[in-house]
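In what follows, a single structure is set out as structure tokens and then discussed.
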Amino acid sequence: MRHHRRLIGFITLTASMGMVLGASSAIAQTYPAKPISLIVPFAAGGPTDIVARTLAAAMSKPLGQTVLVENKLGAGGTLAASYVAKAAPDGYTFLIHHNGMSTAPALYRKLAFNPLTDFEYVGQVVDVPMTLLGRKDLPAKNLQELMAYVKTNASKINLANAGLGAVSHLCGMLFQKALGADVTTVPFSGTAPALNALLGGQVDLLCDQTTQTTQHIKAGTVKLFGVTTKERIRALPDAPTLSEGGLKDFEVIVWHGVYAPKGTPIAVVEKFNAALRTALKDPTFANRMIDLGAEIVPDAKQTPEGLRSWLQSEIQKWGPVIRSAGVYAD
Ligand code: MLT
């Protein structure tokens with residue numbers, strides 16, 4: 001009798017698994033049937049937005065549908081992540097986010113989503129160096145002079161960022177920690193408005209990504225103190241690394257991942273991932289990214305598992321750093 005019940009259970013399980021797989025592959029055949037939203041957690045025109053819009057254009061081709069970029073701002077990117085975590089898992093809402101997915105759990109005591117359990121992972125996109133910039137008329141010619149200036153004038157310095165969870169915040173926090181200086185931080189909804197404030201002289205310093213800053217550095221409208229990579233970068237070959245300039249071992253690289261709400265059918269995630277990988281090989285996408293100092297991630301990182309395992313290692317890496325800095329939001 002018990003044997004009989006087990007057999008019925010097995011048949012039911014196999015039948016329902018077959019139905020799920022059948023439904024999933026049926027969805028994949030018709031997917032996508034309408035435009036897809038790609039949610040960006042920061043202001044339009046900024047570095048995440050630039051990567052997202054270039055990627056969306058390149059992915060629309062293999063998908064045969066438009067990928068529409070939507071900016072959902074606030075709380076250092078956590079509002080957008082929580083919006084996507086709660087969105088319908090139907091393949092029509094995705095999130096593009098950076099290191100903020102890995103720093104948010106340590107920065108926010110009350111986080112409305114769990115980066116490791118509330119998403120399906122599509123893959124990583126590009127790695128982007130950061131640049132430490134000052135307003136054009138800041139009285140420091142190089143990093144050594146800037147460090148001395150910040151140490152003696154800390155109470156007068158305004159350092160812009162895009163809020164707790166932004167990489168501009170993380171980079172600025174590490175800079176302050178390295179100098180042992182406590183400056184005033186000024187949060188914006190993204191580094192697009194933060195850079196405007198720097199260009200207008202309303203703030204003194206900003207740590208921001210080359211995808212947005214390269215053109216301003218080349219035009220000489222901002223003062224560059226260094227790049228945050230270990231080696232100099234091709235897009236700005238004359239720019240010293242911060243490590244060369246005196247901040248030994250200072251390194252922040254911005255990585256980007258694409259996420260879907262948990263429960264999005266696997267066949268849909270696979271189709272979106274295939275379009276992502278095609279887009280990363282598209283010369284228009286690749287050349288634009290290279291010109292802006294970004295690097296397409298290696299093939300292994302372009303996969304769902306490549307993103308999931310990287311995210312997990314980044315959470316482990318940044319958690320202790322953030323906790324030791326004692327920075328958090330209630
Ligand atoms: C942006 O897109 O505005 C930036 O990525 C924000 C940040 O500094 O993290």
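The values are calculated or read from the model by the stated rules, or taken from the named source; none is laboratory data. Everything numeric here is computed off the predicted structure, so don't read it as measured data. Positions of Cβ are backbone-derived with ideal geometry, glycine not excepted, and every protein chain shown enters the neighbour counts. Heads up: the accessible areas ignore ligands, DNA and RNA and are worked out on the full protein's heavy atoms, side chains in. Shrake-Rupley method; radii C 1.70, N 1.55, O 1.52, S 1.80 Å.
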Scan of region 44-84 for residues that are in contact with a Gly (Cβ under 7 Å, 6 or more places away or on another chain), open to solvent by 40 Å² or more (accessible area, probe 1.4 Å) and in a loop (DSSP other than H, G, I, E, B), ordered by number: 73
Criterion violated by residue 201 - all others in (1) on the phi > 0 side of the Ramachandran plot; (2) within 16 Å of the ligand (Cβ to nearest atom) satisfied: (2)
Here is a check on your reading of the model: is residue 177 under 25 Å from the mean Cα position of the chain (by Cα), more than 16 Å from the ligand (Cβ to nearest atom) and surrounded by fewer than 19 Cβ atoms within 10 Å (Cβ to Cβ)? yes
Can you tell me which of (1) within 25 Å of residue 302 (Cα to Cα); (2) at pLDDT 95 or above is the one residue 24 doesn't meet? (2)
Return yes or no: is residue 71 within 12 Å of the ligand (Cβ to nearest atom) and within 18 Å of residue 36 (Cα to Cα)? yes
Hey, residue 148 hits all of (1) small (Gly, Ala, Ser); (2) open to solvent by less than 20 Å² (accessible area, probe 1.4 Å); (3) not assigned by TED's automatic domain parsing to the domain that holds residue 55 but one; which does it fall short on? (2)
Inter-residue pairs, beta-carbon under 6 Å, first closer than 15 Å to residue 277 by Cβ and outside the structural domain of residue 93 (by TED's automatic domain parsing) and in region 44-68, second among the hydrophobic types (A, V, I, L, M, F, W, C) and buried (at least 18 other Cβ atoms within 10 Å of the Cβ), 6+ apart: none
Could you tell me which numbered condition residue 156 fails, if it satisfies all but one of (1) over 17 Å from residue 129 (Cβ atoms); (2) away from the ligand (no atom under 12 Å from the Cβ); (3) at pLDDT below 95? (3)
Conditions (1) closer than 30 Å to residue 175 by Cα; (2) assigned to a loop (DSSP other than H, G, I, E, B); number of the one not met by residue 309: (2)
Exactly one of (1) under 13 Å from the mean Cα position of the chain (by Cα); (2) at negative phi; (3) open to solvent by less than 10 Å² (accessible area, probe 1.4 Å) is unmet by residue 133. Its number? (1)
How many residues of region 85-117 are outside any loop (DSSP other than H, G, I, E, B), surrounded by 23 or more Cβ atoms within 10 Å (Cβ to Cβ) and within 16 Å of the ligand (Cβ to nearest atom)? The answer is 9
Filter region 84-111 down to the residues that are closer than 21 Å to residue 187 by Cα and either out of contact with any helix residue (DSSP H, G or I) (no Cβ under 9 Å at 6 or more places or on another chain) or small (Gly, Ala, Ser) (or both) and list them by number. 100, 102, 104, 106, 109, 110
Do you know which residues across region 287-302 are more than 28 Å from residue 271 (Cβ to Cβ) and surrounded by fewer than 18 Cβ atoms within 10 Å (Cβ to Cβ)? 291
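Let's see how each residue does on (1) open to solvent by less than 70 Å² (accessible area, probe 1.4 Å); (2) in contact (Cβ under 8 Å) with a residue 40 or more places away in the chain; (3) closer than 25 Å to residue 165 by Cα; (4) in the same structural domain as residue 63 (by TED's automatic domain parsing):
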| site | (1), (2), (3), (4) |
| --- | --- |
| 260 | yes, yes, yes, yes |
| 274 | yes, yes, no, yes |
| 285 | yes, yes, no, yes |
| 304 | yes, yes, yes, yes |
| 316 | no, no, yes, yes |
Scope region 318-330; condition surrounded by fewer than 17 Cβ atoms within 10 Å (Cβ to Cβ) and either part of a helix (DSSP H, G or I) or of a type in the set (D, E, K, R) (or both); matching residues: 319, 320, 321, 323, 324, 325, 330
